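Engineer: Supplied in structure tokens, the structure appears directly below.
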Amino acid sequence: MRILCADVGGTSIKLGMVTGDGEISGLTEVPTEGKKGGARVMENLISGLEAFEGYDAIGISTAGQVDREKGSIIYANDNIPGYTGTKVKDILEKRFKRPVEVENDVNCAALGEGWLGAGKGMTDYLCLTYGTGIGGAIVLGGRLYRGVGGSAGEFGHMILHPGGRECSCGKKGCYEAYASARLLVELAREKDPSVSNGRELFARIAEGDEKMAAALDEWSGEAATGLASLVHIFNPQALILGGGILEQDAAAESLEKNARELIMDSFQNVRFLKAALGNTAGLFGAATLHIK
Ligand SMILES: [Zn+2]
């Protein structure tokens with residue numbers, strides 16, 4: 001079976017052909033142009049898909065909250081105005097005459113990691129991606145746990161500091177307002193305004209900069225608090241952690257060390273794993289919508 005897959009993100013739409021054996025080919029990208037609205041995004045998606053032939057089905061991983069059965073967008077934020085309500089499945093099935101399945105991008109990444117990545121062979125794991133915000137997904141008993149509206153796993157909005165820092169969701173004190181990758185840079189700037197980005201921060205840590213190391217420890221302490229609670233709630237085999245910041249060994253090690261100090265002994269068998277598929281996880285996950 002050959003599944004044409006697309007991953008619709010805020011800035012680019014990634015495309016590729018995935019086989020039932022887990023081979024991927026023809027990787028390419030087109031701009032999303034999300035700010036120009038949902039209709040433009042669909043035009044770009046369609047023209048990206050038109051470049052391929054010889055496939056049995058289409059799998060779409062996309063930003064936004066997805067109605068899995070209807071294959072439509074329940075809600076998308078300001079990154080793609082007017083995307084809410086778009087009937088992605090209907091539009092693409094009419095155009096391409098193939099079965100189409102649609103799922104949220106974070107959920108797709110989790111499914112991809114479970115099929116061929118860090119979660120291969122596992123039945124119970126949580127995925128967290130640390131970027132501008134914090135995305136999350138839950139796999140329990142070998143199945144994605146979606147919740148009633150397909151929005152389960154919003155770990156970024158666990159409230160850890162009532163009345164605290166403002167969050168992108170409009171509430172205060174959420175996990176992502178303290179533990180996103182963006183926050184690490186902010187914490188570092190509070191200690192030394194001359195630091196401009198994450199790369200510089202980690203370079204300085206490698207050179208022994210104590211202020212930067214303290215910022216990292218502060219960030220990982222916050223990030224660890226959320227993780228420890230999740231481990232106690234879900235008792236997972238593994239936490240699969242993604243996002244550029246976790247590529248840095250200093251960050252991954254500091255996070256695991258701080259989290260393990262907060263985790264009860266009987267839960268210490270949990271594994272801390274780096275996401276393995278990078279930005280192809282969503283494409284592989286989109287393929288599983290047809291394969292599994
Ligand atoms: Zn929030």
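The values are calculated or read from the model by the stated rules, or taken from the named source; none is laboratory data. Since we're looking at a predicted model, the values are computed, not measured. Cβ placement follows ideal geometry from the backbone for every residue including glycine, while neighbour counts extend to all protein chains displayed. For accessibility, only protein heavy atoms count, side chains too; no ligands or nucleic acids. Shrake-Rupley method; radii C 1.70, N 1.55, O 1.52, S 1.80 Å.
Engineer: Placing +1 on the Cβ of each Lys and Arg and -1 on the Cβ of each Asp and Glu in the chain, which of 224, 86, 62 has its Cα farthest towards the positive end of the resulting dipole?
Structural biologist: 86
Engineer: Now, a different point. Can you tell me which of 20, 136, 208 moves the most in a GNM of the chain? Springs connect C-alpha atoms under 10 Å apart.
Structural biologist: 208
Engineer: Let me ask another. If you keep only loop residues by DSSP, which GluC sites (Glu not before Pro) in segment 58-142 have at most 11 other Cβ atoms within 10 Å of their Cβ?
Structural biologist: 69
Engineer: Here's a follow-up. Give the separation of the Cα centroids, segment 226-292 to segment 62-82, in Å.
Structural biologist: 25
Engineer: Something else about it: Gap in Å between the Cα centre of segment 3-18 and the Cα centre of segment 116-179?
Structural biologist: Between the Cα centre of segment 116-179 and that of segment 3-18, the gap is 22 Å.
Engineer: Suppose every K and R has +1 on its Cβ and every D and E has -1 on its Cβ; what is the size of the dipole of segment 121-275 about the Cα centre, in Debye to the nearest 20?
Structural biologist: Result for segment 121-275 is approximately 560 debye, rounded to the nearest 20.
Engineer: Moving to a separate point now. What lysines does residue 120 reach when the alpha-carbon gap must be under 20 Å and sequence neighbours fewer than 8 apart in one chain are set aside?
Structural biologist: Excluding near neighbours in sequence, the set is 274, 292.
Engineer: Per residue, what volume in Å³ does the convex hull of the Cα atoms of segment 12-116 enclose?
Structural biologist: 97
Engineer: Gaussian network model of the chain, Cα springs within a sub-10 Å range: biggest mean-square fluctuation belongs to which of 72, 194, 61?
Structural biologist: Residue with maximal mean-square fluctuation among 72, 194, 61: 194.
Engineer: Follow-up. Equivalent-ellipsoid semi-axes (√(5λ), Cα gyration tensor) for the chain, whole Å, largest first?
Structural biologist: Semi-axes (√(5λ), whole Å): 33, 21, 18.
Engineer: Now for a separate question. In segment 121-275, carbon and sulfur make up what percent of the accessible area (probe 1.4 Å)?
Structural biologist: Here carbon and sulfur together make up 50 percent of the probe-accessible area.
Engineer: While we're on this one: So how strong a dipole does the chain carry about its Cα centre when Lys and Arg Cβ are +1 and Asp and Glu Cβ are -1, to the nearest 20 debye?
Structural biologist: 840
Engineer: Would you mind calculating the gained length between residue 191 and residue 265 on full extension (0.36 nm times residue separation, minus the Cα-Cα distance), in nm to one decimal?
Structural biologist: Going from the current span to full extension adds 23.2 nm.
Engineer: Where Rh is the Kirkwood radius over the Cα pairs of segment 121-275, the temperature 37 °C and the viscosity 0.692 mPa s, what D in µm²/s does Stokes-Einstein return?
Structural biologist: After rounding, the answer is 207 µm²/s.
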